[in-house]
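A.B. asks: Questions regarding the structure given below will be posed in turn.
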There are 2 protein chains.
Amino acid sequence: MKTLKIPEATIIRLSVYSRYMAQIKRKGIVTISSGEIARGVGVSSAQVRKDLAYFGEFGTRGVGYNVGELYGYLMKILGLTTQWKLVIVGAGKLGSALAMYGGFAERGFKVVGIFDNDPRKIGQKLDNLEIMDISQLPKIVEANEAKIGIIAVPAEEAQEVTNILIKNGLKAILNFSPRVLSVPDDVVLRNVDLSVNLEILSFYLDAQKR
Amino acid sequence: MKTLKIPEATIIRLSVYSRYMAQIKRKGIVTISSGEIARGVGVSSAQVRKDLAYFGEFGTRGVGYNVGELYGYLMKILGLTTQWKLVIVGAGKLGSALAMYGGFAERGFKVVGIFDNDPRKIGQKLDNLEIMDISQLPKIVEANEAKIGIIAVPAEEAQEVTNILIKNGLKAILNFSPRVLSVPDDVVLRNVDLSVNLEILSFYLDAQKR
């Protein structure tokens, strides 16, 4: 896919800044300096200025940034002025927890369907969502214009599910399974397997002993 | 911290290979080629050979790898021959889901405590774990020799909790909060905030429209 030349670490920090600005905005604060943002989120103020500079000129020297303006701008950059609909495949422990996780909605992500192929799970309710048969996925994706798919199935099934999601026009995939997935160039993929993350920690912990 | 010069992407793939080898081993298969591993996990066979070569000579030309040996070796490299004890701070929806998530135990990670500061939560049971007051953390960490801490508290409290974990000797932190955390050089930190990961997707989806 065509990507802007912005390091991923910058995007992560922009996401962090935007939450901090939301918090500051709720307090009724009107202007803020890069130093205050830096202290609030735990990075250097040079870093804050550098990250924001990717997107053009911002703020007024000696005055700082207008909180409402900067917040709106960050949300726009992050693509969060649109409500993104997402589907989850796999209604095991992890998929179910994700379906009920409140943090997504706060940032404008709406889970419009959760799917499984286990007849014992289909029809069960998770908050307001009913677990549906995977065969219902095309209909739900189309009706809701879902663009993001979450993979929460076992490793063995992950590529097959990915292929189904791609065939149904999803362009972004968040993969929680411990499987390296192949996707076409126009699909963006993020891997967030929890155990893999823990294993990166254990690798380093163990390396310290060597 | 002192790190080996191994790219993180390699460690992630080693973790993936090790699961695949566990699966192959259960089927009773004795030898496997890099091509078969590659097809099984979805990377090129050159990639498999390159990743394994970081750790010395492996396999026999024309014969392939001994499954049991390679599996044992991968688990050792990943630090998974030790059982790692971990503590979770924050017993909200996410922390509770993590405490009950079966996937950690499968790979030798054991949750030995979950902590909160909300009196309404303390004493509640999550499977076999009782939510404890954060004041109990030092005792539990010491008694279990816990080395890994999971941060599942709101952003505003994340740095304070991190400081507590570090003060109690934890050397590895998995951060689920949307906060940039400061840690000393001898502590390894991984950030896995779920919404941030979704926002990286929305950033790219939105960028495609520009």
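A.B. asks: In bins 5 Å wide, starting from 0, what share of all Cα pairs of region B:8-77 does each bin hold, as a percent?
C.D. replies: In whole percents, the pair-distance histogram is 3, 17, 34, 30, 13, 2, 0.
A.B. asks: A further question follows. Might you tell me the accessible area per residue for region B:8-77, computed with a 1.4 Å probe and given in Å²? All intermediate terms of the calculation are to be shown ahead of the outcome.
C.D. replies: Working: 3580 Å² over 70 residues.
So region B:8-77 comes to 51 Å² accessible per residue, rounded to a whole number.
A.B. asks: Residues of region B:2-44 losing 50 Å² or more of accessible area relative to the isolated chain, 1.4 Å probe, heavy atoms only?
C.D. replies: Correct list: B:Leu4, B:Ile11, B:Val16, B:Arg19.
A.B. asks: For the pair B:Lys125/B:Lys110, report the inter-label distance in nm, with labels modelled 7 Å from Cα in the Cβ direction.
C.D. replies: 2.0 nm
A.B. asks: Taking amide H positions as placed 1.01 Å from N in the peptide plane, with prolines and chain starts having none, which residues 5 or more places from B:Leu126, or on another chain, fall under 5 Å of its amide H?
C.D. replies: HN-HN under 5 Å from B:Leu126: B:Ile131.
A.B. asks: Hey, how much of the P(r) for region A:84-197 falls beyond 24 Å, as a percent of Cα pairs?
C.D. replies: Cα-Cα pairs of region A:84-197 separated by over 24 Å account for 16 percent.
A.B. asks: In Å and from the alpha-carbon atoms only, list the Rg and Dmax of region B:81-147.
C.D. replies: Answer for region B:81-147, Rg first and Dmax second: 11.4, 38 Å.
A.B. asks: Over region B:84-197, average the accessible area per residue using a 1.4 Å probe and give it in Å², no decimals.
C.D. replies: Roughly 42 Å² per residue, with all protein chains present.
A.B. asks: Give me, ordered by chain and number, the residues 5 or more places off B:Ile173 or on other chains with an amide H under 5 Å from its own placed amide H.
C.D. replies: Result for B:Ile173 returns B:Gly149, B:Val188, B:Leu189, B:Arg190.
A.B. asks: Looking at chain A, what % of its DSSP beta bridges pair antiparallel, to the nearest 5? Don't skip to the answer; put the middle values down first.
C.D. replies: On the way: 5 of 26 bridges.
Within chain A, antiparallel bridges account for around 20 percent of the total.
A.B. asks: So what is the diffusion coefficient of the protein assembly as shown in µm² per second by Stokes-Einstein at 4 °C and 1.567 mPa s, using a Kirkwood Rh over Cα pairs?
C.D. replies: The estimated diffusion coefficient comes to 57 µm²/s.
A.B. asks: Ignoring any ligand, DNA or RNA, what whole percent of the accessible area of region A:8-77 comes from carbon and sulfur when the probe is 1.4 angstrom?
C.D. replies: C and S atoms contribute 51 percent here.
A.B. asks: A further question on this structure: If you average the sequence gap of Cα pairs under 8 Å that are 6 or more apart and divide by the length of region A:1-85, what percent do you get for the contact order?
C.D. replies: 36 percent.
A.B. asks: Normalised by the number of residues in chain B, what is the relative contact order in percent for Cα pairs under 8 Å and 6+ residues apart?
C.D. replies: Reported relative contact order: 15 percent.
A.B. asks: Over region A:84-197, what is the relative contact order in percent, taking alpha-carbon pairs closer than 8 angstrom and at least six residues apart?
C.D. replies: That works out to 24 percent.
A.B. asks: Where Rh is the Kirkwood radius over the Cα pairs of chain B, the temperature 20 °C and the viscosity 1.002 mPa s, what D in µm²/s does Stokes-Einstein return? Write down the numbers at each step before the final one.
C.D. replies: Values: Rh = 19.4 Å.
So the translational diffusion coefficient is about 111 µm²/s.
A.B. asks: Taking B:Arg26 in one copy and the same position in all the others, each labelled 7 Å out along Cα→Cβ, what are the pairwise distances from the first, in nm, shortest first?
C.D. replies: Inter-copy label distances (nm, one decimal, shortest first): 4.3.
A.B. asks: Per residue of region B:184-198, what does 6.51 cos²θ - 1.76 cosθ + 1.60 with θ = phi - 60° give for ³J(HN,Hα)? Whole Hz please, x for Gly and Pro, Karplus curve as stated.
C.D. replies: Ordered by residue, 3J(HN,Hα) equals x, 4, 8, 10, 9, 10, 10, 9, 9, 3, 5, 5, 4, 4, 5 Hz.
A.B. asks: Another one. If you plug each phi of region B:9-26 into the Karplus form 6.51 cos²θ - 1.76 cosθ + 1.60 with θ = phi - 60°, what whole-Hz ³J(HN,Hα) values come out, in order, with x for Gly and Pro?
C.D. replies: 4, 5, 4, 4, 5, 4, 4, 5, 4, 5, 5, 5, 5, 4, 5, 5, 5, 4
A.B. asks: Summing +1 for each Lys or Arg and -1 for each Asp or Glu, what net charge is found among the other residues whose Cβ lies under 9 Å from the Cβ of A:Leu86?
C.D. replies: Working: positive: A:Lys85, A:Lys110, A:Lys147; negative: none.
Every neighbour counted, the sum reads +3.
A.B. asks: Expressed as a whole number of Å, what is the distance separating the alpha-carbon centroids of region A:25-93 and region A:101-134?
C.D. replies: After rounding, the separation between the Cα centres reads 30 Å.
A.B. asks: Sequence neighbours fewer than 8 away in the same chain don't count; with that in mind, list the lysines whose C-alpha is under 23 Å from A:Lys76.
C.D. replies: In chain and number order, the partners are A:Lys2, A:Lys5, A:Lys25, A:Lys27, A:Lys50, A:Lys85, A:Lys110, A:Lys147, A:Lys171, B:Lys209.
A.B. asks: Could you state how much accessible area is buried at the B-A interface, both sides summed, with a 1.4 Å probe, in Å² to the nearest 100? Write out the running numbers ahead of the final one.
C.D. replies: Values: alone 12860 and 12890 Å², together 19560 Å².
Roughly 6200 Å² of accessible surface disappears when B and A pair.
A.B. asks: What share of all Cα pairs of region A:137-196, in percent, falls into each consecutive 10 Å distance bin?
C.D. replies: 25, 56, 19, 1
A.B. asks: Keeping the other protein chains in place, figure out the carbon and sulfur percent of the accessible area of region A:113-210, with a 1.4 Å probe.
C.D. replies: Ligands and nucleic acids excluded, carbon and sulfur reach 47 percent.
The values are calculated or read from the model by the stated rules, or taken from the named source; none is laboratory data. What you are looking at is a predicted structure, and each value in this text was computed from that prediction instead of being measured. Using ideal geometry, Cβ is built from the backbone for each residue, glycine included, and neighbour counts are taken over all protein chains shown. The area values use the complete protein model at the heavy-atom level, side chains included, leaving out ligands, DNA and RNA. Shrake-Rupley method; radii C 1.70, N 1.55, O 1.52, S 1.80 Å.
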